[in-house]
Amino acid sequence: MNNKFTRDSFHSFCDKLIATDTDLAAILNTYGYPPFWNRPNTFETLVHIILEQQVSLASALSALNKLKDRLQELTPARLLLLTDEEMRACYVSRQKNSYLKYLAEAILSGQLNLEALQDMPDDEVRARLTALKGIGNWTADIYLIFVLQHPDVFPIGDLAAVNALKRVKNLPANTTREQVLEVAGHWQPYRTIATMLLWHFYLSAPKKTAK
């Protein structure tokens, strides 16, 4: 239904996309194929993505590892046993503490079934996830990309992807959200693959090359 990409098909998806865009082709020719970034479809993964909201990846990983060290196994039932003080000791903010416990309760109650999301279209996955407190479009986009490997997602709320797009396409800093989405629209039905190339560029290219 979503023509998901896999580790085996990822390079062929990249090849199809760069045949239509010389700027993306230049990224691949200069830096090679992006890593096949993926994550398992688990409660821990969704916790990790929520922890990554609006903080550095290193800070989020530090908090995740603290939780895993304290709980041994990061499950919804075990997370709910932690007090607010224990969550704070794991570098989890008060706001994200409430988000994570709400998520744990939603999974335990059956309100959210992660396994069932695997065969749903993008819009339905997004609706199920964003119905939960603390999960917005960015979190849903990252889940669709990293966990479900849906090929046509552009995370407009992701600063790294948006800034890389502006650099690659030589767009001014004040380019609007609508203009960015218009550019990304040319990469359909492979906007996820384009995003991975943009992230690869963002991580690989010296920032001093920015206009």
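The values are calculated or read from the model by the stated rules, or taken from the named source; none is laboratory data. Just so you know, these numbers come straight off a predicted model, no measurement behind them. Here Cβ is always computed from backbone atoms with ideal geometry, including for glycine, and neighbour counts include all displayed protein chains.
Selection over region 10-32 of residues that are among the small types (Gly, Ala, Ser) and either surrounded by fewer than 14 Cβ atoms within 10 Å (Cβ to Cβ) or touching a Cys at 6+ places or on another chain (Cβ under 6 Å) (or both) gives a count of 3.
Selection of region 145-167 for residues being buried (at least 22 other Cβ atoms within 10 Å of the Cβ), part of a loop (DSSP other than H, G, I, E, B) and small (Gly, Ala, Ser) yields an empty set.
Restricting the search to region 112-142, which residues are farther than 20 Å from PRO40 by Cβ and touching a Lys or Arg at 6+ places or on another chain (Cβ under 9 Å)? Those that are farther than 20 Å from PRO40 by Cβ and touching a Lys or Arg at 6+ places or on another chain (Cβ under 9 Å): GLY134, ASN137. Going by the structure shown, is PHE36 among the aromatic types (Phe, Trp, Tyr), touching a Lys or Arg at 6+ places or on another chain (Cβ under 7 Å) and at pLDDT 95 or above? So PHE36 passes the test.
If you go through region 132-144 and keep only what is buried (at least 23 other Cβ atoms within 10 Å of the Cβ) and of a type in the set (Ser, Thr, Tyr), you end up with just TYR143. Scanning region 103-131 for residues being more than 21 Å from PRO151 (Cα to Cα) and either basic (Lys, Arg) or surrounded by 12 or more Cβ atoms within 10 Å (Cβ to Cβ) (or both) gives a total of 8.
Residues are listed down the side, and each one gets a yes or a no for (1) at pLDDT below 95; (2) farther than 21 Å from TRP37 by Cβ; (3) not in a helix (DSSP H, G or I):
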residue	(1), (2), (3)
GLU105	no, yes, no
LEU108	no, yes, no
GLN111	no, yes, yes
TYR143	no, no, no
THR195	no, no, no
HIS200	no, no, no
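Answer with yes or no whether ASN170 is out of contact with any helix residue (DSSP H, G or I) (no Cβ under 9 Å at 6 or more places or on another chain) and exposed (fewer than 14 other Cβ atoms within 10 Å of the Cβ). No.
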